[in-house]
Amino acid sequence: MPMKPEPFDWTSATEAQAEARHALSSIVRAELFPGDAVPPVEHLRASSVHLPFFQRKQEWAVWADDGRMLGWACLDLEYTNSNRHTAECKVEVDTEHRRRGIGTGLLELVTDAARGDDRSNLDFVAYEGTPAEPFLSQAGAENRQVFRHSRLQLDELDRAMLQEWVDRAAERAAGYSLVAWDDPTPEEHLEAFTEVVHVMNTAPLDDLEWEDDVFTPEEIRSWQDALHARGHAGWVLAARDDATGRFAGFTELGFWPWEPERADQGDTGVDPDHRSLGLGRWLKAAMLQRVLRERPDVRYVDTGNAGSNRPMLAINIALGFKPHRIGGFWQLKI
């Protein structure tokens with residue numbers, strides 16, 4: 001049985017190879033998120049083919065003689081004005097073929113490719129209690145930030161509390177208004193939205209070796225266009241300081257057509273100069289009210305927060321988000 005990784009390219013993959021990639025992905029996802037929907041093969045293909053202009057993706061696979069994919073790895077390289085020292089990496093190995101050197105071989109290949117692109121760190125996501133933790137630890141990686149993956153069941157949501165948060169904001173945040181749109185961001189808001197996105201640099205990093213992200217309007221537009229091409233529907237709600245016209249905070253929510261019962265809570269942030277006015281609660285509450293009105297098929301909302309991000313965790317806990325999985329952002333120095 002051959003164990004040498006080979007490059008994997010969706011644009012030239014046969015139908016059988018694409019199905020083999022999907023089969024391995026489905027096995028690993030079921031292990032990580034039991035009971036959750038599994039993305040179709042079209043989603044996997046679109047996620048690798050439709051990329052923003054500043055991103056490049058390299059993939060490798062290990063094949064069995066019978067055509068099954070036994071292992072897969074991916075290296076995501078971004079070419080923006082920040083964090084050019086690091087790259088995101090994923091490694092998957094079939095459950096029945098672990099501890100045979102497949103994952104180690106793939107990781108070595110990814111490391112060489114990242115080093116060849118002048119990267120000094122590899123970033124991974126690993127969930128507590130999964131084989132990824134000992135694998136990364138043995139490779140020399142370290143868990144640099146613990147995060148909590150939480151889930152909100154909408155049938156348990158306190159709708160009266162949502163309305164109370166919205167009503168209170170009218171008093172506490174006089175002089176602010178909410179501006180809503182669906183991706184892609186309208187041209188009239190693109191510059192202001194790009195500016196407020198950088199408020200996420202104030203979120204805790206713990207021990208992660210990351211620089212502040214620096215994005216341009218063109219990069220934001222390209223990222224949204226890539227998500228749209230993959231079938232993603234994104235909602236944005238921003239809090240505008242009416243005196244200046246600038247955005248003081250924002251929140252995002254996303255939906256995938258292959259999982260109509262779930263919504264993904266994206267970034268939520270408020271500029272430090274505009275905090276303690278209830279803007280975060282206002283944004284969250286108003287967004288959830290829209291979900292209840294316009295997306296009746298959605299049953300739950302998933303989100304992730306650093307364990308050290310106490311203010312945002314406090315809002316989510318008050319809304320009814322409960323721990324679903326505990327994970328970590330791991331980094332490997334190369």
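The values are calculated or read from the model by the stated rules, or taken from the named source; none is laboratory data. Owing to the predicted nature of the structure, the values given are computational and were not obtained by experimental measurement. In this analysis, Cβ positions are derived from the backbone assuming ideal geometry, glycine residues included, and neighbour counts consider all displayed protein chains. Accessible surface is based on the protein model in full, side chains and every heavy atom, while ligands, DNA and RNA are left aside. Shrake-Rupley method; radii C 1.70, N 1.55, O 1.52, S 1.80 Å.
Counting only helices (runs of 4 or more DSSP H) that fall entirely inside the range 159-262 and contain at least 3 residues that are in contact with a Leu (Cβ under 9 Å, 6 or more places away or on another chain), the qualifying elements are 159-172, 217-229.
Quick grid of which residues meet (1) in contact (Cβ under 8 Å) with a residue 40 or more places away in the chain; (2) outside any strand (DSSP E or B); (3) open to solvent by 50 Å² or more (accessible area, probe 1.4 Å); (4) touching a Lys or Arg at 6+ places or on another chain (Cβ under 8 Å):
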{"position": "M287", "(1), (2), (3), (4)": "yes, yes, no, no"}
{"position": "R290", "(1), (2), (3), (4)": "yes, yes, no, no"}
{"position": "P296", "(1), (2), (3), (4)": "no, yes, yes, no"}
{"position": "D302", "(1), (2), (3), (4)": "yes, no, no, yes"}
{"position": "Q331", "(1), (2), (3), (4)": "yes, no, no, yes"}
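If you filter the range 103-150 down to residues that are of a type in the set (S, T, Y) and under 21 Å from the mean Cα position of the chain (by Cα), you find that the one that is nearest to V62 (Cα to Cα) is T130.
For the range 134-154, the set of residues classified as touching a Phe, Trp or Tyr at 6+ places or on another chain (Cβ under 7 Å) and small (G, A, S) consists of A141, S150, listed by residue number.
State yes or no: is I326 among the β-branched types (V, I, T) and open to solvent by 50 Å² or more (accessible area, probe 1.4 Å)? Even if it seems obvious, please write down each step before you answer.
Numbers: among the β-branched types (V, I, T): yes; open to solvent by 50 Å² or more (accessible area, probe 1.4 Å): yes.
Here the answer is yes, as I326 does meet what is asked.
Pick from the range 120-179 the residues that are more than 27 Å from P323 (Cα to Cα) and of a type in the set (S, T, N, Q): which of them is least open to solvent (accessible area, probe 1.4 Å)? Per the stated criteria, the residue is N121.
Considering only residues in the range 276-285 that are open to solvent by 40 Å² or more (accessible area, probe 1.4 Å) and in contact (Cβ under 8 Å) with a residue 24 or more places away in the chain, the one that is farthest from D207 (Cα to Cα) turns out to be L277. Checked against (1) open to solvent by 40 Å² or more (accessible area, probe 1.4 Å); (2) within 25 Å of R99 (Cα to Cα); (3) under 17 Å from the mean Cα position of the chain (by Cα), E6 meets all criteria but (3). The set of residues in the range 7-17 being of a type in the set (S, T, N, Q) and assigned to a loop (DSSP other than H, G, I, E, B) consists of T11, S12, T14.
Determine, yes or no, whether T268 is within 15 Å of A192 (Cα to Cα) and crowded, with 19+ Cβ neighbours inside 10 Å.
In short, no.
Applying a threshold of 8 Å to beta carbon distances and a minimum spacing of six or more residues, or different chains, the list of pairs starting in the range 51-70 at a residue that is closer than 30 Å to N81 by Cβ and ending at one that is of a type in the set (F, W, Y) and in a strand (DSSP E or B) reads E59/W72; W60/W72. Screening the range 23-60 for residues that are open to solvent by less than 30 Å² (accessible area, probe 1.4 Å) and charged (D, E, K, R) and picking the one that is farthest from W258 (Cα to Cα) gives E59.
The selection criterion, being surrounded by fewer than 20 Cβ atoms within 10 Å (Cβ to Cβ) and either under 16 Å from the mean Cα position of the chain (by Cα) or of a type in the set (F, W, Y) (or both), holds for W258. Among the residues of the range 214-241, which ones are under 21 Å from L279 (Cβ atoms) and open to solvent by 50 Å² or more (accessible area, probe 1.4 Å)? The one that is under 21 Å from L279 (Cβ atoms) and open to solvent by 50 Å² or more (accessible area, probe 1.4 Å): R240.
Is it true that A20 is surrounded by fewer than 14 Cβ atoms within 10 Å (Cβ to Cβ), assigned to a helix (DSSP H, G or I) and over 18 Å from the mean Cα position of the chain (by Cα)?
no
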